[in-house]
Amino acid sequence: MIISDLNYLEVAQEPVVGGVFVAKFVDISVDVDQDFNVNIDVDVNKDIDATLDSNVDISGNFASLTFDVTAIGNNSFAEGDVSVIVTGDLSEVSGTLIAGVQ
């Protein structure tokens with residue numbers, strides 16, 4: 001705003017024509033009292049009995065590896081890792097057994 005413009009005062013008046021006047025009175029009183037008490041007890045008992053029957057006819061290559069890893073007592077360690085590879089003409093099973101006692 002430029003200070004010299006304050007010397008001029010313009011007044012604009014225009015009557016409002018039409019429209020609707022609605023009188024309203026709204027008195028709202030809200031009182032909310034919420035109390036939640038939740039007690040959830042979940043008891044799950046599952047008994048799974050699975051039977052797997054398999055019949056395989058082998059022709060071509062066959063590889064088999066059987067081992068057992070056991071650790072008993074304090075400061076004992078046992079681990080078994082197995083790798084199985086089956087491709088075209090190759091069937092391979094390899095494993096690593098580690099056992100240690102302190």
Going residue by residue through the range 91-102, the Karplus relation 6.51 cos²θ - 1.76 cosθ + 1.60 with θ = phi - 60° gives ³J(HN,Hα) values, rounded to whole Hz and with x marking Gly or Pro, of 10, 9, 10, 10, x, 10, 10, 10, 9, x, 9, 8
The equivalent-ellipsoid semi-axes of the range 37-87, taken as the square roots of five times the Cα gyration tensor eigenvalues and listed largest first in whole Å, are 39, 25, 12
Mean Cβ-within-10 Å packing, highest first, puts peptides 42-48, 72-78, 94-100 in the order 94-100, 72-78, 42-48
Residue separation between Asp41 and Asp89 times 0.36 nm, minus their alpha-carbon distance, gives in nm 11.7 nm
By the mean-Cβ-within-10 Å protection proxy, highest first, 56-67, 82-93, 30-41 rank as 82-93, 56-67, 30-41
In cubic angstrom per residue, the convex hull of the range 61-102 built on its Cα atoms measures 41
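Values in this text are rule-based calculations from the coordinates and carry no lab data. The structure presented is a predicted model; accordingly, all values stated were derived computationally and were not measured. Note that we place each Cβ from the backbone using ideal geometry, even for glycine, and neighbour counts take in every protein chain shown.
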